[in-house]
Amino acid sequence: MSRNTPSRDVGSVHPHGSGRAGEYPGEAGPESVGVVVGQDGTARKQLEALLGAARELRPRLRAEQAETEERGFYSPKMHRAFVEAGFFRVLLPKKLGGFELGVEAFYQLISEVARGCPSSAWCLCLSAGRTLTLASYWPEQAQQEIFGEHGHLVSPMSTKPQKDVVITRENRGLRISGTWKYCSGSPYSTHFMAGFELPSAEDGEPVLHWAVIPRSAYTVLDDWGGIIGMRGSGSHGIRVADAFVPEHHVVAATGMSSASGETVGSQLYGNPVYGGPFMAFAEGEIAAIVAGLGLAAVDEYEWIISTSKAPWGGDEILRSDHPVWQGKFGTALALVDSAAALSARGGQLYEEFARRSVTGQEPFGEERALRMNNLYLVAESQVWDAVEMMLRSAGTRHSADGARLQRYFRDMVAVRSVADQLDLFAISTTQAHLASAGR
């Protein structure tokens, strides 16, 4: 193996992410593909500092993985570390005290966090990412009120309410009650973006709307757990009881699948990154998490094959010296590296397509958003192939409870079991493509 590896003595004690360079593959980070490109000046320094902070936290994240799963979300100390490092400010407009570094930078940061703990990255990402959503689509008054003086937003979202949701119109707003499931990032949330349908004023057809509800008006339920993977993702349910939401805190989700021309956010902040559709961004969040998960699994697999004997080929041959495991490691590394590259490239494309839309060159339409969504799903599929192959070839003890590689595999099973899958989106993408071509 050409990279730093731990002791090659068979039976070496797992370093448990202690953090000293060279003790665990990946701790020193020289092989990371999360390098800064396309940024310069202050933005480059800010992103490099953020990625550095995530790498510094990696040993702690790994050491706390079991606790995070047991608790259902990362620790309060880890949350303070994320806040202090500025992880929630990557997508926040500069006018509100943020870094405004864009989508690619956000994806790269999330991948670095996921390399330490995928569940923690899921919890962080799906609450920090709503900063882009709010800044893009809500009116200025609502943004000022919701972001507040400090610009700190931690907001899960759910567009799948339960049947108990009741919404009534009142003077200058809505009265909302109901329950939403799988609200990832809810334990440390400051707000909640609730999705629900309201009849259109034009034809009465149901239209998806989003409402931003403050923490004081909802309860985070103790109902997360029992899922095969991503057990520390903080994907609890949220119950809203008779909350009044001002009408300017509610928007029709017109930016869900397409965008054309200026948006509220692109006009407010003079940055087209706030002018793209939600669909072209949301699955990219998952792909960024999965790319980091894949890198974590590769780190673990390198330690495994560098400290365990090959089951054939003589007593002195480690798996890392055997061509069978060398081939598997190299294949896994290629699959994961390309998934990380796809994730970053998706962030670049989002920003460029949003720029073209905002400047009037061409809309950021549904067909393009769906194709970007599918690009992210392909990246996730590549990591699944890599992790499954590594688990099969690592040895039985690494699929036991408590083993990191087993945990990463379970996390990937959880990702692969949600409704958003390529074989489902491929149909709607084809239909949108043919429609856009006039066929």
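Please treat every number below as a calculation from the coordinates, not as lab data. Model, not experiment: these values are computed from the prediction. Here the Cβ positions follow ideal geometry from the backbone for every residue, glycine too, while neighbour counts run over all protein chains shown.
Summary table below
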| item | result |
| --- | --- |
| Degrees separating the helix 76-85 axis from the principal Cα axis of the chain, which is the longest one | 80 degrees |
| Assigned charges on the beta-carbon of Lys, Arg, Asp, Glu; region 284-439 dipole about Cα centre (debye) | 160 debye |
| Student exercise, the chain dipole from Lys, Arg, Asp, Glu Cβ charges, in Debye to nearest 20 | 500 debye |
| Max mean-square fluctuation residue, GNM over the chain, Cα-Cα springs under 10 Å, options Ala49, Ala211, Ala280 | Ala49 |
| At 1.306 mPa s and 10 °C, Stokes D of region 360-436 from Kirkwood alpha-carbon radius, µm² per second | 109 µm²/s |
| Among Thr168, Gly234, Leu198 - extreme Cα towards positive end, dipole of region 157-255, charges at beta-carbon | Gly234 |
| Partners for Lys328 among lysines (Cα-Cα distance below 20 Å; same-chain residues under 8 apart left out) | Lys309 |
| Antiparallel DSSP beta bridges within the chain, percent to nearest 5 | 95 percent |
| Net lengthening on full extension, Asp222/Thr430 (0.36 nm per residue, minus Cα-Cα) | 70.8 nm |
| For the chain, the Rg and Dmax computed from alpha carbons only, in angstrom | 22.2, 80 |
| Intensity falloff of region 157-255 expressed as log10 I(q)/I(0), Debye formula with alpha-carbon point scatterers, at q = 0.18, 0.21 Å⁻¹ | -0.81, -1.05 |
| FRET efficiency, Thr42 to Glu145 (Cβ-Cβ, R0 25 Å, nearest 0.05) | 0.30 |
| Among Glu316, Glu64, Glu362: highest mean-square fluctuation, GNM of the chain, C-alpha pairs under 10 Å | Glu316 |
| All lysines inside 25 Å of Lys163 as judged from Cα atoms, apart from same-chain residues fewer than 8 positions distant | Lys181 |
